[in-house]
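Heads up: the structure comes next, in structure tokens.
The values are calculated or read from the model by the stated rules, or taken from the named source; none is laboratory data. Just so you know, these numbers come straight off a predicted model, no measurement behind them. No Cβ is skipped: glycine too gets one built from the backbone with ideal geometry, and neighbour counts run over all protein chains shown. Side chains are part of the model used for accessible areas, which takes the heavy atoms of the whole protein and leaves out ligands, DNA and RNA. Shrake-Rupley method; radii C 1.70, N 1.55, O 1.52, S 1.80 Å.
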Amino acid sequence: MKKIVLGFSGGLDTTYCVKYLSEDKGYEVHSVIVNTGGFTGEELKKIEEHAYGLGVKTHTTVNAVHSYYNSIIRYLVYGNVLKNNTYPLSVSAERLSQALHIAEHVKKLQADAVAHGSTGAGNDQVRFDMIFHIMIPGVEIITPIRDLKLSREAEIAYLKEKGVQMNFEKAVYSINKGLWGTSVGGKETLSSKGMLPEEAWPTQVTASEAREIKLSFTKGELTGVDDKTFTHPVEAIQYLQSIAGPYGIGRDIHVGDTIIGIKGRVGFEAAAPMVILKAHHALEKHVLTKWQLNWKDQLAQFYGNWLHEGQILDPVMRNIEAFLESSQQNITGEVFIQLLPYRFQVIGIASPYDLMNSKFGKYGEMNTGFTGEDVRGFSKIFGNQVAIHHLVNKQA
């Protein structure tokens, strides 16, 4: 019997895939779920029970939270990456981590085929397929929902006929939770106008009093919140989320270009990611030179766009990651943030590498590092070529 590895979430689409692949196509189905921070232990246990109840041969849970951070998220922080200046790549980044781990599981089991539950409408189908083609070339990729062009109603009818019992009620809002944020889709995001109502957000606003917090960074990574230090930045992110999430911080609607050429809208909440990115950027602005910041911005924008489009395995990404990591050597210090309902503000930073140093002068006031005559000469030389250009063109 041929083996197939199925990326499994326990939802309608992947539930259909188990039954279709095992009973209609005769595969020995091995399900795998890759946890990138979106599931509790209890939820993972229920998904495992559901998989075995459907008849899978084996079910594997991969804890990828730390590897997800180490291989992807930390570079998004180093680059202050926000897609279209808005979205912290909450879902697109985790899909790549999931695809890579599924491919490794295929290799481990020496499976003949791999399957996922993507439809033909979005980005995920490209991300999964492309990584599988690169990582496990020659392994057949099967996508029943996409290939059969199935409607939700057709899937439900099929599963009921097979005697599957599960909650077939479609949630009003589709929610995808991970370490780096939660996406929220509903009727309001299907058109070009509309904001998600308060009840649609997974994290409700329960904090109302202003609160000041301190974030500690070590070489660009979050290592402490207030007086707590953490052995790994994942724990710091999760702790910060528990503090900032109840303020309703990090809610927005992202309008994006899909890989397949259509535009779409999706809601998201990402309290910890948004606070971390803005705090990290504030620290960088104090510590890095203007040309370091300039080139970082350019490379990071490309990195975020190429990551969003699934190109995590392109060797140029390793080149950019090397630059980003090199840029973080002095990004150490503390950033002070004020949290308020639905918003936050950076109050300031403290770092031994702060280039805003009164020893060398105060902006808009007297400078101690040079004289007015120095500036007079510098200004003439600095604009010399442009002055020559204008003189020549006036004479021509």
| Gap separating the Cα centres of segment 241-263 and segment 369-395, nearest whole Å | 47 Å
| query | What residue among Gly333, Gly178, Gly11 shows peak mean-square fluctuation when the chain is described by a Gaussian network model with Cα springs under 10 Å? | reply | Gly11
| Using a 1.4 Å probe, what is the accessible area per residue for segment 71-123, in Å²? | 30 Å²
| message | Just to be sure I understand, if you calculate log10 I(q)/I(0) by the Debye sum over Cα atoms at q = 0.06, 0.08, 0.09, 0.11 Å⁻¹ for this structure, which of (1) -0.45, -0.60, -0.66, -0.78; (2) -0.23, -0.42, -0.54, -0.81; (3) -0.31, -0.52, -0.63, -0.87 do you get? | response | (3)
| query | Roughly how many percent of the accessible protein surface of the chain is carbon and sulfur, given a 1.4 Å probe and a whole-percent answer? | reply | 53 percent
| request: Write down Rg/Rh for segment 146-285, rounded to two decimals, with Rg from the C-alpha atoms and Rh from the Kirkwood relation over Cα pairs. | output: 1.08
| remark: If one compares the long axis through the Cα atoms of helix 124-135 with the longest principal axis of the Cα atoms of the chain, the angle in degrees, nearest 10, works out at 90 degrees
| task | Rank these residues by their accessible area, most exposed first, probe 1.4 Å: Thr218, Thr229, Thr15, Thr368. | result | Thr229, Thr368, Thr218, Thr15
| query | Counting other Cβ atoms within 10 Å of each Cβ, which trypsin sites (Lys or Arg not before Pro) in segment 181-290 have at most 10 and sit in a DSSP loop? | reply | Lys193
| note | Taking R0 as 25 Å and r as the Cβ-Cβ distance between Phe323 and Thr218, the FRET efficiency 1/(1 + (r/R0)^6), rounded to the nearest 0.05, comes to 0.85
| remark: From the Cα centre of segment 42-58 to that of segment 21-36, the distance in Å is 11 Å
| Applying 1/(1 + (r/R0)^6) with R0 = 41 Å to the Cβ-Cβ distance of Lys285 and Thr119, what FRET efficiency is obtained, to the nearest 0.05? | 0.45
| query | Between the helical axis of 315-326 and the dominant principal axis of the chain, each derived from Cα atoms, what acute angle in degrees is found, rounded to the nearest 10? | reply | 50 degrees
| remark: Rounded to one decimal in nm, the spacing of the 7 Å Cα→Cβ label points at His133 and Ile381 is 5.5 nm
| Among the aspartates and glutamates, which fall within straight-line cross-link reach of Lys83, defined as a Cα-Cα distance under 15 Å, with same-chain neighbours fewer than 8 residues apart omitted? | Glu94, Asp252, Asp257, Glu269, Asp297, Glu309
| field | Per DSSP, loop GluC sites (Glu not before Pro) in segment 84-182 with at most 12 further Cβ within 10 Å | value | Glu169
| task | Please figure out what share of the DSSP beta bridges in segment 77-216 is antiparallel and state it in percent, rounded to the nearest 5. | result | 65 percent
| said: Rolling a 1.4 angstrom probe over the protein chains, ignoring ligands and nucleic acids, what is the accessible area of Met356 in square angstrom, nearest 10? | reply: 150 Å²
| query | Just how much of Ser192 is accessible, in Å², when a 1.4 Å probe is used and the result is rounded to the nearest 10? | reply | 110 Å²
| request: Using a Gaussian network model of the chain whose springs link C-alpha atoms within less than 10 Å, name the residue from Gly245, Gly186, Gly310 with the highest mean-square fluctuation. | output: Gly186
| said: Compute the angle between helix 41-54 and the longest alpha-carbon principal axis of the chain, please, reported from 0 to 90 degrees and rounded to the nearest 10. | reply: 30 degrees
| Of Lys228/Lys285; Lys149/Lys296; Lys187/Lys219; Lys193/Lys278; Lys177/Lys278; Lys57/Lys170, pairs whose Cα-Cα distance is over 32 Å | Lys149/Lys296; Lys187/Lys219
